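Visitor: I'd like to ask you about the structure that follows.
The values are calculated or read from the model by the stated rules, or taken from the named source; none is laboratory data. Model, not experiment: these values are computed from the prediction. Heads up, the Cβs are rebuilt from the backbone with ideal geometry, glycines too, and the neighbour counts pull from every protein chain shown. Surface areas here come from the heavy atoms of the whole protein model, side chains and all, with no ligands, DNA or RNA. Shrake-Rupley method; radii C 1.70, N 1.55, O 1.52, S 1.80 Å.
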Amino acid sequence: MRRIQFETLVVTEWNVEIFPLPKHKHSFYELIYIRKGYGVHILNNNRFPYNPGDIFIVSPEDKHYFEVKKRSAFTFIKFTDSYFASHKQHRPDALFFSSPEEIMRNKLLKEVKLEMDELSASILRNTIDNIVAYNSRKDIASSPLVYYQLLSIFGLIREAAMKHSIRVDKAQAGNEELISYIHEHIYEPQLLLMKNIANHFHIAPAYFSAYFKRNFSISYRDYVSKYRIKLIEKRLAVPTLTIKEIANEFGFTDVSHLSHYFKTIRKTSPNEFRKKTV
């Protein structure tokens, strides 16, 4: 199922005991704020428990739905590419390095649950309330005030991403950039070959291993393996995903290749691990 939206900006609220939509995709971007209730948000191949105050980001490539455990109130802020294009004259210079659309499409932000401290959570709640209050006006899509409110939400998302060492600002450099690159390309093993990542960051391949260990107190190979295994374990905890689908997602040649890799590190097969966790 794919939902289509023609308006550039739409704000809606639901208060439901059962989420009325099946697993679906959008033709638009969506910020989803949880006002009350709890349950599970299924986003692509991950399951995230949700509670009041949580926010999720969904882009056109994503597929998602909600399992409502307790009656829940949602605020949906839905916008198209043309919404931000129409506000280019209002966009701060800093956003040319990292646009809201790029943040929404960041795969790493779909692997973690965004968490905010008490102050940030309060600012987020008030900002959402402001946008909802302004929604009664006909010119909401053209309002600079609403646009800047949305940008403040993306500022809070940036801060939350930093807690997970996820870089959403292209202007950043250094160790965070290196780690972010690894996380972003964890599904593309060829790009993470030591010679390739060394060349990408203009570091001599012969020196890269020592450079990485000095800066991160762990070998490069161990870091990549631990992060990849962590994600694979999350996938195995989703019973609807087959081992073949997981192998394909992470760039393994076949199921046996994934099984050998997993067993070498975890000393158990993917199937045995799944039986213990699902």
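Visitor: Which residues in the stretch 122-154 have a backbone N closer than 13 Å to a point placed 7 Å from the Cα of R91 along the Cα-to-Cβ line?
Guide: Residues 151 fall inside that zone.
Visitor: Consider all pairwise Cα distances in the stretch 239-278 and report the whole-number % of them above 14 Å. Write out the running numbers ahead of the final one.
Guide: Details: 333 of 780 pairs.
Beyond 14 Å sits 43 percent of the P(r) for the stretch 239-278.
Visitor: Would you mind estimating how fast the chain diffuses translationally, via Stokes-Einstein at 10 °C and 1.306 mPa s with the Kirkwood radius over Cα pairs, in µm²/s?
Guide: This corresponds to a translational diffusion coefficient of 77 µm²/s.
Visitor: With all distinct Cα pairs included, what does the Kirkwood hydrodynamic radius of the stretch 1-85 come out to in Å, to one decimal, could you say?
Guide: That comes to 13.0 Å for the stretch 1-85.
Visitor: On a 0 to 90° scale, report how tilted helix 118-134 is relative to the longest principal axis of the chain, with both axes built from alpha carbons and the result rounded to the nearest 10.
Guide: Its long axis makes an angle of about 40 degrees.
Visitor: Something else about it: Using a Gaussian network model of the chain with C-alpha springs under 10 Å, which one of S27, S99, S142 is most mobile by mean-square fluctuation?
Guide: In the Gaussian network model the winner is S142.
Visitor: Between S142 and N248, with labels modelled 7 Å along Cα→Cβ, what's the label distance in nm to one decimal, could you check?
Guide: In this crude label model, S142 to N248 measures out at 4.6 nm.
Visitor: Could you tell me how many degrees, from 0 to 90 and to the nearest 10, lie between the Cα long axis of helix 220-236 and the main elongation axis, the longest principal axis, of the Cα atoms of the chain?
Guide: The angle comes out at about 60 degrees.
Visitor: Continuing with this model, one more query. Need one word for the stretch 161-278: rounded, prolate or oblate. Basis is the Cα gyration tensor (sqrt eigenvalues a ≥ b ≥ c); a/c below 1.5 gives rounded, then a/b vs b/c decides.
Guide: It is prolate, given that a/c is not under 1.5 and a/b is the larger ratio.
Visitor: When the Cα atoms of the stretch 17-175 are enclosed in a convex hull and the volume is divided per residue, what value in Å³ results?
Guide: Normalising the Cα hull of the stretch 17-175 by residue number yields 119 Å³.
Visitor: Something else about it: Using the per-residue mean of other Cβ atoms lying within 10 Å as a proxy for protection, in what order, highest first, do the peptides 53-62, 185-194 fall?
Guide: Numbers: 53-62: 19.2, 185-194: 15.0.
For the peptides 53-62, 185-194, the packing ranking is 53-62, 185-194.
Visitor: Any idea what angle helix 205-216 forms with the longest principal axis of the chain, computed on alpha-carbon atoms, 0 to 90 degrees, nearest 10?
Guide: With both axes taken from Cα atoms, the answer is about 60 degrees.
Visitor: Another one. Using a 1.4 angstrom probe, figure out how much accessible area the chain has per residue, in square angstrom, rounded to the nearest whole.
Guide: 51 Å²
Visitor: As a quick test, which of the pairs K23/K163; K25/K78; K63/K263 have an alpha carbon distance above 20 angstrom in this structure?
Guide: With Cα atoms farther than 20 Å apart: K23/K163; K63/K263.
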